Every structure is written in C-alpha cells, then in structure tokens.
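**Student:** Structure below; questions to follow.
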Amino acid sequence: MTQNTTTKPLDNLNIFSLKGVQMKTFHITWLTFFFCFFAWFGMAPLMKIAREQLHLTKDQVGNIQIASVSATIIARLLIGRLIDKFGPKLIYTWLLVLCAIPVLLIGTSHTYTSFLLFRLAIGVIGASFVITQFHTSIMFASNIKGTANATAGGFGNAGGGAANLFMPLIASGITALGFCTTEDSWRYAMIFPGVMLLICAFLYHRYTLDSPQGDFKDLKDESIKSTKNTFLIAAKDYRTWILTIAYAACFGVEITVDNFAPIFFTDSFGATIAIAGMVAGIFGWINIFARPLGGIVADKIGKTWGFDGKTLLLALLLLVEGVGLIWFAKSGNIGMAIFMMFVFGLSLKMANGATYSLVPFINPLAVGSVAGIVGAGGNIGAMLIAFMFKAKASHASKNVIENGLNVQKDLIDYTSAFTLLGFIILGIGVAVFIFRTVMAQKTSQIEDLVLTPGK
C-alpha cells in the first residue's frame with residue numbers, strides 16, 4: 001500500500017523511510033528518546049569514579065540511584081496529562097531544554113547533597129518515554145501501534161546501553177587529550193549528553209507535528225486532542241493499573257539493571273570500568289531488537305486473538321523473566337551472569353513492548369494519561385526494587401592489594417535481592433495471566449480497533 005503522507009495515521013512501518021510527517025516524527029522521536037536515555041543513565045558507568053572522588057558511602061550511592069528514578073514518577077504522571085492537552089511537540093521541546101540544565105551542571109557537584117539533587121533533577125528526563133509512546137500512537141493506525149511503539153521505545157531505550165559503552169570512552173578520551181585528570185573526567189564527560197539534549201530540542205520543535213492532521217493548537221477535533229480530565233479517565237479504569245503493575249515488573253527491573261549492573265560487575269567480579277560498561281551495555285543494546293520484537297509479536301497475536309491474546313503473551317514473558325532473574329542470581333561466574341542477563345533481558349524487553357501494545361487501546365481519548373500512569377509504574381517499580389536492594393543485600397568483603405598493602409573492601413551480595421525479585425516477577429506474571437480474560441471482556445469494542453487497520 002502506498003504510504004499516506006497527508007493527514008491519516010500510517011498503517012505500516014517502514015523504518016528506512018523518511019517520507020511524510022509520520023515517518024519523520026517517528027525517527028526524530030526515537031532518536032530524541034535515545035539521547036534522553038543516554039543522558040539519564042550517563043552517570044551510571046562513571047559512578048565508580050564519582051563515588052571515589054566524592055567519598056560516597058554505599059547508602060549514599062543507593063540513595064542516588066533511587067533519586068535517579070523517583071523524580072520520573074511524578075514527571076510521567078504530569079506529562080501524560082500535559083500532552084493530551086497541549087500536544088507532544090511543545091511539551092517535549094520544553095522537557096529537553098529544562099533537563100539539559102542539570103545534565104550540564106552535575107559536573108559542578110562537590111558534595112553528596114548537590115550530586116543527589118542534580119541526579120534527582122536529571123531523572124525528570126525519563127518522562128520523555130511517555131511522549132514518545134503518545135506520539136507514535138497518534139501517528140500510526142491501530143493495527144501497527146504496538147509495533148511502532150515498541151520499535152521507537154526499543155531504539156530509544158538502547159541509549160542506556162550506549163551510555164554504558166560510550167561514556168567511559170568519552171571520559172577516557174577527554175583525559176587522554178589532557179583536558180582533565182581521570183578523577184575529574186566524569187564531570188567533563190556529562191557535557192556531551194547535555195549538549196545533545198539541546199540539539200534534539202531544536203530538531204523536535206522544527207521538524208515534527210503533534211499529529212498527522214497538524215499541531216494541537218490548530219485543531220478543533222477532540223478525537224485527536226482532549227479537553228477532558230484524561231488523568232481521571234485513565235485512573236478510574238482498573239486495566240490501567242494492571243498494566244502499571246506489569247510494567248513495574250519489566251521496565252522497573254530494566255532501570256535497576258541499567259543503574260546497578262556496571263558497579264555490580266566491578267565490585268562482584270573485579271571488572272574494570274570499561275569492561276563493566278561494555279558488559280552492562282549488552283543489556284541495553286538488546287532493546288534494539290527485543291522491545292520491537294515484543295510489539296511485533298503482540299500485533300500479530302492481536303490480529304487473531306485480540307486483547308486477550310496480547311495479555312496472555314505479556315503474562316508468559318513475565319514468567320520467563322522471573323525464572324531468568326532467579327537463575328541470574330545464582331550465577332557463580334561472570335560468563336554465566338552475562339548469559340542469563342541476556343536471557344531474562346530478552347523476555348523483559350519483549351514484555352515492555354507487549355505492555356505498550358495494549359496501552360493505546362485502554363481509552364483512545366486518554367492515551368497520554370494511560371501511557372503516563374503505566375510509565376510511572378515502571379519507575380515506581382525501580383524505586384521499590386532499589387529500596388529492596390538496600391534492605392536485602394547483605395554486606396560481604398574481600399581482601400585486595402592496594403599500594404602494596406592488603407586492604408579489606410566492602411562489597412554487596414546481590415544474590416538474595418535478585419532471587420526475591422525473580423519470585424515477585426513470577427507472582428505478577430501469574431496475576432496477569434489470571435486477570436487477562438476479565439480485561440479482555442471489557443475491551444470487546446477495542447478489539448475492533450485492533451483488527452481493523454486505520455479505524
């Protein structure tokens with residue numbers, strides 16, 4: 001079918017095309033989200049350097065990791081309502097400009113308190129995900145929404161893996177060029193993602209539209225924009241909260257691994273910062289194909305089995321993720337840990353895509369608010385998991401040689417925390433499996449949208 005380049009949502013996704021506002025918006029959206037994720041987790045692979053220079057304790061590092069995801073909760077809840085009312089272009093532009101400020105300035109931190117506050121402010125950039133999912137939902141027809149959402153989300157989420165891989169290289173390059181010492185390299189390295197956010201703000205405002213029909217300020221059609229309180233509409237629907245819990249069980253775990261994996265591999269297996277960043281980067285790079293795969297499979301299942309089939313897929317992916325996490329926790333060496341991280345990461349990221357293949361069909365008039373609440377669930381999950389890690393992880397130690405002396409170093413044993421987390425995910429997978437039929441019964445009118453392209 002020839003692509004419609006005027007006012008209708010596209011019913012196919014050609015990722016190699018830039019034809020029409022729909023595809024231009026798709027590519028700018030995922031690229032912008034990529035750099036948002038890059039900036040959000042840019043400090044993760046550099047935390048070892050910052051921790052040593054700022055003399056941070058394990059509790060302080062834990063608090064910083066919690067702060068990095070907690071601000072996103074409120075931001076995602078708020079941003080969903082704002083884009084329903086004002087449109088994604090304006091809100092995304094302002095979000096990028098405002099969040100570039102703490103990213104650029106975190107390098108000025110010299111105390112735990114200032115570092116914590118900057119990390120908290122940077123966490124707001126995580127709300128970019130809600131805008132990304134809204135914008136792809138409105139640009140593509142019903143039969144392809146899951147694929148479009150998952151592909152844009154997957155490509156963008158890969159920014160976390162890119163940050164783990166490239167930020168240590170950027171820091172090393174700055175040091176090698178003589179701009180700073182190794183101890184200060186993290187400060188200068190964070191300038192790069194801050195500048196990229198400002199560039200993306202320009203691109204987004206200049207080259208996208210709110211919808212295929214144009215910007216919200218020029219539209220009168222309330223089927224595209226809504227003047228109602230969409231947050232209340234979304235919050236009153238129990239299906240929103242089931243998907244919120246499910247997203248906490250997949251994306252919440254993803255954020256946890258993005259934050260903790262680099263320092264976990266350095267502390268537990270003695271890996272260097274560069275090696276730990278590369279290993280942890282594997283988990284992030286899975287997003288390039290795994291999340292889109294989840295959306296593609298969900299759309300194909302939806303054409304035959306509708307909402308119930310998509311929900312069953314989500315439940316099965318969560319069950320596989322839970323088993324994989326438990327196995328990961330029991331890994332006794334870095335090779336097995338990497339392999340199991342890939343296994344549970346694959347199912348986890350497919351579950352992310354499957355979740356957001358369902359989001360646009362909860363209520364067509366409140367897509368932004370549903371996306372915001374469900375997206376906030378991912379960060380609530382990450383925050384609760386971080387608290388659980390602080391409470392459950394037992395302290396261990398090992399002797400290392402520093403400056404010719406035998407020194408005892410404190411470590412954290414993540415086995416108990418990851419094992420408990422795996423069983424919790426299994427429980428959530430079972431709950432989604434039980435509730436899937438009830439959810440589908442309320443969605444009989446939505447299934448027509450799933451099965452009818454462009455409706």
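**Student:** Could you tell me how far the Cα centroid of region 22-88 sits from the Cα centroid of region 333-386, in Å?
**Tutor:** Each part's Cα centre sits 15 Å from the other's.
**Student:** From the Cα gyration tensor of region 114-165, with a ≥ b ≥ c the square roots of its eigenvalues, which class applies: rounded if a/c is under 1.5, or else prolate if a/b is larger than b/c, or else oblate?
**Tutor:** Oblate shape, in that a/c is at least 1.5 and b/c is the bigger or equal ratio.
**Student:** Continuing with this model, one more query. Quick one: net charge around G345, please, counting Lys, Arg +1 and Asp, Glu -1 for every other residue with C-beta under 15 Å from its C-beta.
**Tutor:** Within the 15 Å Cβ shell, the charges total -1.
**Student:** Which of I263, L78, Q22 sits farthest toward the positive end of the charge dipole of the chain, with +1 on the Cβ of Lys and Arg and -1 on the Cβ of Asp and Glu?
**Tutor:** Q22
**Student:** Separate question: Just want the answer: with Cβ charges of +1 for Lys and Arg and -1 for Asp and Glu, which residue in A162, I428, I91 is farthest toward the dipole's positive end in the chain?
**Tutor:** Farthest towards the positive end: I91.
**Student:** What distance in nm separates the two pseudo spin-label positions at Y207 and M388, each 7 Å out from Cα along the beta-carbon direction?
**Tutor:** According to this spin-label approximation, the distance is 4.1 nm.
**Student:** Further question: For region 244-330, report the translational diffusion coefficient in µm²/s to the nearest whole number, using Stokes-Einstein at 4 °C, 1.567 mPa s, and a Kirkwood Rh over Cα pairs. Don't skip to the end; give the middle numbers.
**Tutor:** On the way: Rh = 14.6 Å.
In µm²/s, the coefficient rounds to 89.
**Student:** Let me ask you something else. Can you put R119, R291 in order, fewest other beta carbons within 10 Å first?
**Tutor:** Details: R119 25, R291 33.
In increasing order of surrounding Cβ atoms, one gets R119, R291.
**Student:** Quick one: divide the alpha-carbon radius of gyration of region 1-145 by 2.2 N^0.38 Å and tell me what you get.
**Tutor:** Normalised by 2.2 N^0.38 Å, the Cα Rg of region 1-145 equals 1.25.
**Student:** Enumerate the calculated ³J(HN,Hα) couplings along region 359-376 in order (Karplus 6.51 cos²θ - 1.76 cosθ + 1.60, θ = phi - 60°), each rounded to whole Hz, writing x wherever the residue is Gly or Pro.
**Tutor:** For region 359-376, the Karplus-derived couplings read 3, x, 9, 5, 7, x, 8, 9, 4, x, 5, 4, 4, x, 5, 5, x, 4 Hz, x marking Gly and Pro.
**Student:** Eigenvalues of the Cα gyration tensor times 5, then square-rooted: what semi-axes does that give for region 8-66, in whole angstrom, largest first?
**Tutor:** Three semi-axes, in Å: 41, 10, 7.
**Student:** Taking the Cα centre of region 303-392 as origin, work out the dipole magnitude from +1 charges on Lys and Arg Cβ and -1 charges on Asp and Glu Cβ, in debye rounded to 20.
**Tutor:** Once rounded to the nearest 20, the dipole reads 160 debye.
**Student:** Which of M341, M278, M167 has the fewest other C-beta atoms within 10 Å, and how do the rest follow up to the most?
**Tutor:** Values: M341 23, M278 19, M167 27.
Going from sparsest to densest Cβ surroundings: M278, M341, M167.
**Student:** May I pose another question? Of all beta bridges DSSP finds with both residues in the chain, what is the antiparallel percent, to the nearest 5?
**Tutor:** Working: 10 of 11 bridges.
Beta bridges within the chain, antiparallel portion: roughly 90 percent.
**Student:** Let me see the P(r) profile for region 143-268: every Cα-Cα distance counted, bins of 10 Å, each bin given as a percent of all pairs.
**Tutor:** 9, 22, 31, 22, 12, 3
**Student:** Continuing with this model, one more query. Add +1 for every Lys or Arg and -1 for every Asp or Glu among the other residues with Cβ under 14 Å from the Cβ of I170, and state the total. Each step should come with its number before you reach the end.
**Tutor:** Working: positive: R187; negative: D184.
Net charge in that neighbourhood comes out at 0.
**Student:** Give me the Å³ per residue figure for the convex hull around the C-alpha atoms of the chain.
**Tutor:** 129
**Student:** Now a separate question. May I ask you to order 18-28, 184-194, 149-159 by the average number of other C-beta atoms within 10 Å around their residues, highest value first? Don't jump to the answer; show the numbers that get you there.
**Tutor:** Details: 18-28: 19.5, 184-194: 22.3, 149-159: 28.2.
Going by the mean number of other Cβ atoms within 10 Å, highest first, we get 149-159, 184-194, 18-28.
**Student:** Determine ³J(HN,Hα), in whole Hz, for all residues of region 421-434 in sequence, where each value follows from phi through the Karplus function 6.51 cos²θ - 1.76 cosθ + 1.60 and θ = phi - 60°; x replaces Gly and Pro.
**Tutor:** 4, x, 5, 5, 4, 4, x, 5, x, 5, 5, 5, 4, 5
Rule-based calculations on the coordinates, nothing more; no lab input. Values in this document were obtained by computation on a predicted structure and should not be read as measured data. Methodologically, a virtual Cβ is constructed for each residue, glycine included, from the backbone with ideal geometry; neighbour enumeration extends over all protein chains shown.
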